[in-house]
Amino acid sequence: MAILNVFGQEVGADVEGWTTRAFPEKVVLKGNYCRLEPLDRDKHGPELFDAYGKAGQKLWTYLPVGPFNILEEYLEFINQLNETGDTVPFAIIDKETKRAVGTLCLIRIDQASGSLEAGYVAFSPELQKTIIATEAQFLLMKYVFDDLKYRRYEWKCDSLNGPSRRAAMRLGFKYEGTFRQVVVYKGRTRDTEWFSIIDKEWIYIRKTFEQWLDERNFENGIQKRGLATIRENLLN
């Protein structure tokens, strides 16, 4: 049913009790297979540089930064991330090896509207297509929605970045549209695809992750049911 103001104009629903949300903190987020730690130049930098080196320069094709040819260049980038006022970077730690194997960041943080974005998603070959890769995403989402009570979690990628697009859809993000010629980076034009999860969707998306991560969903390290299948069953 349409909501009309005193002038007869259709408007959005009231957000009852809404207050500006807290800025994300540099916290440790613990899972069964990994943990997220605040990204530290000296602690994580050398391990990440080594892990990323195994992927070669193609890892950085769709990111606005990199490739990094020497360790000092990557360490300086970590410094820049930590000095940026609207970015909270995390290192993904494999609990078994205790090594840093990737990064996730919270960026474009809008406290007044309760919206932020996952950015600088860089997964090394040690992390790609593993249980840890999925759990790390879940841990950050859970922090955003359950602890910080944000309303909107965004994912954006180059429209030509098929793996990132498929990852967003697999994780439960909804495609919202394409912004054409919105960015020039590395001397190239970029159309950017937008995806999001909003708070009212988080209830079943959280259950999807919990069921997928349950050890009973795996046999010899192979999943029995994928995220999409579990999510569809919960919605039907």
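The values are calculated or read from the model by the stated rules, or taken from the named source; none is laboratory data. Predicted model, so just to flag it, every value in this text is computed and none were measured. For neighbour counting, all protein chains shown are included, and Cβ atoms are generated from backbone atoms with ideal geometry for every residue, glycine included.
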When you check residue 235 against the structure, is it at pLDDT below 95, closer than 24 Å to residue 143 by Cα and either surrounded by 14 or more Cβ atoms within 10 Å (Cβ to Cβ) or not basic (Lys, Arg) (or both), yes or no?
yes
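Answer with yes or no whether residue 112 is in contact (Cβ under 8 Å) with a residue 40 or more places away in the chain and touching a Leu at 6+ places or on another chain (Cβ under 6 Å). Reasoning before the result, please.
Working: in contact (Cβ under 8 Å) with a residue 40 or more places away in the chain: yes; touching a Leu at 6+ places or on another chain (Cβ under 6 Å): no.
Answer is no for this residue.
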Residue among 144, 184 that is touching a residue at least 60 places away in the same chain (Cβ under 8 Å) and under 29 Å from residue 112 (Cα atoms)
144
Members of the range 51-76 found to be buried (at least 16 other Cβ atoms within 10 Å of the Cβ) and out of contact with any Asp or Glu (no Cβ under 7 Å at 6 or more places or on another chain), listed by number
52, 53, 55, 59, 60, 63, 66, 67, 68, 74, 75
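Within the range 156-163, is even one residue surrounded by 13 or more Cβ atoms within 10 Å (Cβ to Cβ), in contact with an Asp or Glu (Cβ under 7 Å, 6 or more places away or on another chain), under 28 Å from residue 25 (Cα atoms) and small (Gly, Ala, Ser)?
Within the range 156-163, none of the residues are surrounded by 13 or more Cβ atoms within 10 Å (Cβ to Cβ), in contact with an Asp or Glu (Cβ under 7 Å, 6 or more places away or on another chain), under 28 Å from residue 25 (Cα atoms) and small (Gly, Ala, Ser).
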Considering every residue within the range 81-93, establish whether at least one is more than 17 Å from the chain's Cα centre (by Cα), at pLDDT below 95 and on the phi > 0 side of the Ramachandran plot.
no
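If we scan the range 39-47, do we find a residue that is in a loop (DSSP other than H, G, I, E, B), in contact (Cβ under 8 Å) with a residue 24 or more places away in the chain and not small (Gly, Ala, Ser)? Quick ask: steps written out before the conclusion?
From the range 39-47, those in a loop (DSSP other than H, G, I, E, B) are 39-40; that's our starting set.
The next check asks that each one be in contact (Cβ under 8 Å) with a residue 24 or more places away in the chain; those that pass are 39-40.
Subsequent filtering for residues that are not small (Gly, Ala, Ser) retains 39-40.
Within the range 39-47, one or more residues are in a loop (DSSP other than H, G, I, E, B), in contact (Cβ under 8 Å) with a residue 24 or more places away in the chain and not small (Gly, Ala, Ser).
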Subset of the range 14-42 (residues that are surrounded by 14 or more Cβ atoms within 10 Å (Cβ to Cβ) and either out of contact with any Gly (no Cβ under 9 Å at 6 or more places or on another chain) or within 23 Å of residue 78 (Cβ to Cβ) (or both)):
24, 29, 31, 33, 34, 35, 36, 37, 38, 39, 40, 41
Could you check the range 153-181 and list, in sequence order, the residues that are touching a residue at least 24 places away in the same chain (Cβ under 8 Å) and farther than 20 Å from residue 136 by Cβ?
158, 159, 160, 174
Quick check: anything in the range 208-216 surrounded by 14 or more Cβ atoms within 10 Å (Cβ to Cβ), in contact (Cβ under 8 Å) with a residue 24 or more places away in the chain and either basic (Lys, Arg) or in a strand (DSSP E or B) (or both)?
no
Restricting attention to the range 183-207, which residues are part of a helix (DSSP H, G or I) and aromatic (Phe, Trp, Tyr)?
202, 204
Checked pairs for the range 54-76, first within 13 Å of residue 123 (Cα to Cα), second assigned to a helix (DSSP H, G or I) and modelled with pLDDT of 95 or more, C-beta under 8 Å and 6 or more apart or across chains, list as 59/52; 62/164
Going by the structure shown, is residue 175 among the hydroxyl-bearing types (Ser, Thr, Tyr), surrounded by fewer than 17 Cβ atoms within 10 Å (Cβ to Cβ) and touching a helix residue (DSSP H, G or I) at 6+ places or on another chain (Cβ under 8 Å)?
yes
